[in-house]
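Here is the structure we will look at.
The values are calculated or read from the model by the stated rules, or taken from the named source; none is laboratory data. Since the structure is predicted, the reported quantities are computational estimates derived from the model, not experimental observations. Glycine gets a Cβ as well: all are built from the backbone with ideal geometry, and neighbour counts include every protein chain shown.
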Amino acid sequence: MAGLLGLNRTTVSAAYSLLESEGLIQGHVGRGSFVISDGGSRAESIDWERLLDGPSRLPAAHAPGPEGTISFASSSPSAELFPLDAVRAACREVLESPSAASILQLGSPGGYAPLREYLLREQLKAIQKELGEYDDTQSEVEELRKKLEESGMPAEAKKECERELKRLAKMTPASAEYMVARTYLEWMTALPWTKSSGAEDIDIRRAEEILNEDHYDLEKVKQRILDYLAVKKLQPGMKGPILCFLGPPGVGKTSLGQSIARALGRKFVRISLGGMHDEAEIRGHRRTYIGALPGQIVQGIRRAETNDPVFMLDEVDKLGRDFRGDPSAALMEVLDPEQNTAFRDHYLDTPFDLSKVLFIATANWMDPIPEPLRDRMEIIELPGYSEEEKLHIARKYLIPKQTKEHGLRDEQIEFTEEGLRTLIHSYTREAGVRNLEREIATIARKQARRLAEGKSEKLTVTPEAVRELLGIPRFRTEKEVEERVKRPGVAVGLVWTPAGGDVVFIEASRMRGGKQFTMTGHLGEVMQESMRAALSWVRANGEAFGIDPDFFATQDVHIHVPSGAIPKDGPSAGVAMATALVSLLSKKPVRPRVAMTGEISLSGVVLPVGGIKEKVLGAKRAGIKEVILPADNELNVQEDLPPHLLEGLQLYYVRTIDQALEIAFGAGDAAPKAAGVAPEKKDEKKDEKQPAAAQAPRASLH
């Protein structure tokens, strides 16, 4: 229209708006069409039929009454058919009227305030378009306003966003505050305030199939997840639990979280807390800081795009602290179901509901985790795998995975059971299966190279092939353990480490001197006190072992625990230390393939310790056949260790050190005897039970 009339677009738009407000134009009918009032006097001289789109519009044009519909057949109608001069004059007449002038004058009062604001905004928009600023500013504001309406955020958050949006609309894009406000609004509108995963139809059987498909064993963890799903099905509004998977590296803690997310039909988010020192990594930075962003929790929620993901906090035991704050303290609000309904990130500065999130933390050991944070989590222990379990995991998961990744087919490589067992106990002695997977990958690479060089024969991985491909064994064999305990003064203890259970040798030696007792091996205070208690018990019962009463006045005793570079602490080596001292002073060696654990008191009572399950599995990996345990740990063993893990092991439960010595040296006259505490008569039926694992105070080798 502006082109036809030779007028500025803003002028025509303003005229049209004014005509519409005064009722002269009722509104649009279609593209290029409008309805005018009092068309009789102005339309008589125009050939309307030739301007119509088609015959269907003709009745509207000739409808009785003062109104008519004008529809242009082309964007440039003929000047001889359309009286441009008359229309041009009419538009100028309207714009030059006193009412229009008063509306467009900024300082003019009157009742046209909404129309005046509209006209001014349209003029401003036209000017901004001419300057090239409209797309960069107004369009962003309009887009953010639309996202804000669709976000579904709470009233408090929406009020804050609207305030920022008004500030943003008044800023120039060149301002630094403009970018700060825009980034904040983008974060707020991108968060899933009300968007859930939608997986409300929970199929518990399907979830169980997924968990069993992805992980072998780990029954306690699977049952806990299925219990949660059952409650969630009955009570959809329940808050998510806070779980903590505790176990050595490589047992599947992180991958188990992914399987749980798949079983629940939710998104999976993982952040690593290892080495995190700044509290702002959890809570975010305030917007006053340059480059401020929300914390890792809010960032993870945004990546998930739902408000109920499975959120894994990996390596929670490796959080640090310094002058910038304590991240573990910030996690207390996140992991507290009573508080995380209104988690306030410093950057957002408004509450965000985390109660629907299923948080899963992982840790290798519990000691570094602060007690208040530990109290907020449900601890689920994942023990190390036995040799049989590793064998099954390798066949079902690791070998197919590495074969596929290295471009091999099943007929090109085959692992025998003997070859896998050699890999497990001679090259990868560990609680998990991470190193086992690496060694399988090494063998697969060597076979891939053979095939690339034109050697097409199939590789059968036998024990001999393992030694040829991987070199000499990296860990001691069963015969090596037997050789170490052949001489008097050596006993085998069991220890717990963050990497799983293991065996440790306690060595005692004597020399001419005078009442000196030396302890070496990077020992902690608790372990040194346990050694002194064992020595005092042996000295108090020396006559029963046939020891010269003047022995300790003329001889020095030295106890050493090898692997001196590794710090060691805990009370659980008391029984092994007493056994090593008795073996040294009585000059009788301990029976081979016997290991023991337990704290000792001055009265000769064997007290319960922790980490029994890991210790028993560590003993089995080292080729130990008989294990001496505190009697009070028997119930823990029965609960935590299934019978198939104990095949090939004989477990003994003792209440006194005398009972332990009888087993360690063999029954009968060959065993040294003491008069301290009378041995408790053992129930043979009770002793036939073979279970394992405890959760009492921990005896550790860190």
Can you name every residue in the stretch 578-606 that is out of contact with any Ser or Thr (no Cβ under 7 Å at 6 or more places or on another chain) and either among the acidic types (Asp, Glu) or assigned to a loop (DSSP other than H, G, I, E, B) (or both)? Lys587, Lys588, Arg591, Pro592, Arg593, Ser601, Ser603
Which of (1) in contact with a strand residue (DSSP E or B) (Cβ under 9 Å, 6 or more places away or on another chain); (2) assigned to a loop (DSSP other than H, G, I, E, B) is the odd one out, the single condition Pro368 does not satisfy? (1)
For Ile547, state whether it is surrounded by fewer than 17 Cβ atoms within 10 Å (Cβ to Cβ), on the phi < 0 side of the Ramachandran plot and part of a loop (DSSP other than H, G, I, E, B). no
Does Lys620 meet the test of being touching a Gly at 6+ places or on another chain (Cβ under 6 Å) and assigned to a helix (DSSP H, G or I)? no
Failed item in (1) surrounded by fewer than 18 Cβ atoms within 10 Å (Cβ to Cβ); (2) at pLDDT 90 or above, with Ile297 passing the rest: (1)
Residue check, Arg512 against (1) over 30 Å from Glu315 (Cβ atoms); (2) in contact with a strand residue (DSSP E or B) (Cβ under 6 Å, 6 or more places away or on another chain); (3) among the charged types (D, E, K, R), all met but one. Which one? (2)
Members of the stretch 366-401 found to be of a type outside the set (Phe, Trp, Tyr), touching a residue at least 40 places away in the same chain (Cβ under 8 Å) and under 15 Å from Leu420 (Cβ atoms), listed by number: Ser386, Glu387, Glu388, Glu389, Lys390, His392, Ile393, Ala394, Lys396, Leu398, Ile399
Conditions: (1) of a type outside the set (Asp, Glu); (2) at pLDDT 90 or above; (3) within 30 Å of Tyr178 (Cβ to Cβ). Arg287 meets all but one. Number of the miss? (2)
Inspect the stretch 468-475 for any residue being surrounded by 15 or more Cβ atoms within 10 Å (Cβ to Cβ), out of contact with any Pro (no Cβ under 6 Å at 6 or more places or on another chain), within 30 Å of Ile443 (Cα to Cα) and at pLDDT 90 or above and give the result as yes or no. yes
Is it fair to say Thr350 is closer than 20 Å to Glu381 by Cβ and at pLDDT 90 or above? no
So which of Pro309, Pro249 is surrounded by fewer than 22 Cβ atoms within 10 Å (Cβ to Cβ) and in contact (Cβ under 8 Å) with a residue 24 or more places away in the chain? Pro249
Only residues that are surrounded by 18 or more Cβ atoms within 10 Å (Cβ to Cβ), out of contact with any Lys or Arg (no Cβ under 7 Å at 6 or more places or on another chain) and farther than 17 Å from Glu507 by Cβ: list them for the stretch 585-604, please. Gly598, Glu599, Ile600, Gly604
Going by the conditions given, is Pro571 assigned by TED's automatic domain parsing to the domain that holds Asn541 and either in a strand (DSSP E or B) or more than 20 Å from Asn633 (Cα to Cα) (or both)? no
Mind checking which pairs have a first residue in the stretch 457-476 that is of a type in the set (Lys, Arg) and a second that is not in a loop (DSSP other than H, G, I, E, B), Cβ under 6 Å, 6 or more apart or different chains? Lys458/Gln412; Arg474/Tyr427
Filter the stretch 615-653 down to the residues that are of a type in the set (A, V, I, L, M, F, W, C) and free of Cβ contacts under 8 Å to residues at least 60 places away in the same chain and list them by number. Ile628, Ala631, Leu635, Val637, Leu641, Leu646, Leu649, Leu651
Would it be correct to say that Gly407 is at pLDDT 90 or above, assigned to a loop (DSSP other than H, G, I, E, B) and not assigned by TED's automatic domain parsing to the domain that holds Glu338? yes
Would you be able to say whether some residue in the stretch 551-563 is part of a helix (DSSP H, G or I) and surrounded by 13 or more Cβ atoms within 10 Å (Cβ to Cβ)? yes
Enumeration of residues in the stretch 590-605 that are within 23 Å of Lys625 (Cβ to Cβ) and among the hydroxyl-bearing types (Ser, Thr, Tyr): Thr597
From Leu243, Leu264, residue being aliphatic (A, V, I, L, M), surrounded by 18 or more Cβ atoms within 10 Å (Cβ to Cβ), within 30 Å of Ala394 (Cα to Cα) and in contact with a Phe, Trp or Tyr (Cβ under 8 Å, 6 or more places away or on another chain): Leu243
Which numbered condition Arg409 misses (of (1) in contact with a strand residue (DSSP E or B) (Cβ under 6 Å, 6 or more places away or on another chain); (2) without any contact (Cβ under 8 Å) to a residue 24 or more places away in the chain): (1)
Residue check: is Asp317 surrounded by 18 or more Cβ atoms within 10 Å (Cβ to Cβ) and without any contact (Cβ under 8 Å) to a residue 60 or more places away in the chain? yes
Consider the stretch 502-525. How many of its residues are more than 43 Å from the chain's Cα centre (by Cα) and part of a loop (DSSP other than H, G, I, E, B)? 4
